[in-house]
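Written out below as structure tokens is the structure these notes cover.
The values are calculated or read from the model by the stated rules, or taken from the named source; none is laboratory data. Keep in mind that this is a model prediction, so the values were computed, not measured. Glycine gets a Cβ as well: all are built from the backbone with ideal geometry, and neighbour counts include every protein chain shown. Surface accessibility is based on the protein's heavy atoms, side chains included, excluding ligands, DNA and RNA. Shrake-Rupley method; radii C 1.70, N 1.55, O 1.52, S 1.80 Å.
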Amino acid sequence: MAPAQDRAAPADDNDDAEGFDAFYLATFKRTFAAAYRMSAGNHDVAEEATQEAYVALWLRWPQRRQLPMNANLKYVIGIASHKVVDRYRSQDAKRTVPDEVDGPADEPTPADALGELAVLRAVRDLLEGQSSRRRAVGMLYFLEGWEQAEIAEALGMAASTVRTHVQRLRVLLKPLIHRINDLDSGGDHR
């Protein structure tokens with residue numbers, strides 16, 4: 001049997017609301033987590049963006065309910081991402097990243113977890129000082145694992161713009177990753 005996110009949403013015309021409710025319950029936490037990271041830990045912004053994203057999806061649910069759950073999940077996360085970016089663009093504000101970093105729940109070893117947290121922290125620190133659009137691209141690409149084409153579609157950008165943002169972020173991240181690798185191997189701490 002296919003994983004839950006790869007199965008199509010329920011197709012019963014008589015019960016769109018029930019199918020949407022099931023989708024909402026199955027995907028809310030992941031959508032909120034993505035919006036929370038995009039908003040640099042601002043719970044209120046993340047909650048508002050998440051709810052607005054689900055309202056937008058509800059309005060399009062009759063056309064989208066036949067799509068696989070994973071496609072609708074990416075769609076709703078994309079909308080939430082837009083909402084977060086729009087919020088910060090309208091305020092022209094840059095948020096600070098909270099000191100705590102939420103890593104994956106199941107890590108093989110503490111050393112692996114520390115290494116991954118160090119990388120995540122380096123990425124989040126770098127993204128904190130970027131423009132809202134570059135920060136959105138970086139969060140979706142480096143932290144959420146989205147493909148560049150998916151990001152371009154979700155954020156309404158040209159694929160070449162997403163590619164440019166990713167390339168520039170990689171250049172900025174490269175020295176940080178080398179330093180982390182040096183520290184992991186017992187190298188020079190300078």
Residue among L25, L57 that alone is farther than 16 Å from G138 by Cα, open to solvent by less than 70 Å² (accessible area, probe 1.4 Å) and not in a loop (DSSP other than H, G, I, E, B): L57
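Would you check if there is a residue in region 88-95 being surrounded by 12 or more Cβ atoms within 10 Å (Cβ to Cβ) and at pLDDT 80 or above?
From region 88-95, those surrounded by 12 or more Cβ atoms within 10 Å (Cβ to Cβ) are 88-89, 94-95; that's our starting set.
Those still in the list that are at pLDDT 80 or above too: none.
No: region 88-95 contains no residue that is surrounded by 12 or more Cβ atoms within 10 Å (Cβ to Cβ) and at pLDDT 80 or above.
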Scope region 143-167; condition surrounded by 20 or more Cβ atoms within 10 Å (Cβ to Cβ) and under 21 Å from A122 (Cα atoms); matching residues: W146, V162, H165
Hits in region 124-141 - residues which are more than 13 Å from the chain's Cα centre (by Cα) and more than 17 Å from R87 (Cα to Cα): D125, L126
Any hit, region 168-181, residues being at pLDDT 70 or above, loosely packed, with under 12 Cβ neighbours inside 10 Å and under 28 Å from L73 (Cβ atoms): no
Count - residues of region 31-57 that are among the β-branched types (V, I, T) and either touching a Lys or Arg at 6+ places or on another chain (Cβ under 7 Å) or modelled with pLDDT under 85 (or both): 1
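Yes/no per residue for (1) modelled with pLDDT of 90 or more; (2) of a type outside the set (S, T, N, Q):
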residue: M1; (1), (2): no, yes
residue: Q5; (1), (2): no, no
residue: A8; (1), (2): no, yes
residue: D15; (1), (2): no, yes
residue: K29; (1), (2): yes, yes
residue: L59; (1), (2): no, yes
residue: N70; (1), (2): no, no
residue: I79; (1), (2): no, yes
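What are the residues in region 149-177 that are part of a helix (DSSP H, G or I) and either touching a Cys at 6+ places or on another chain (Cβ under 9 Å) or within 12 Å of A136 (Cα to Cα) (or both), if any? Before you say what the answer is, go through the steps one by one.
Step one: of region 149-177, the residues part of a helix (DSSP H, G or I) are 149-155, 159-177.
Result: I151, A152, A154, L155, V162, H165, V166, L169.
Among the listed residues A122, A105, identify the single one that is in contact with a helix residue (DSSP H, G or I) (Cβ under 9 Å, 6 or more places away or on another chain), hydrophobic (A, V, I, L, M, F, W, C) and either surrounded by 15 or more Cβ atoms within 10 Å (Cβ to Cβ) or at pLDDT below 75 (or both).
After ruling out the rest, the residue left standing is A122.
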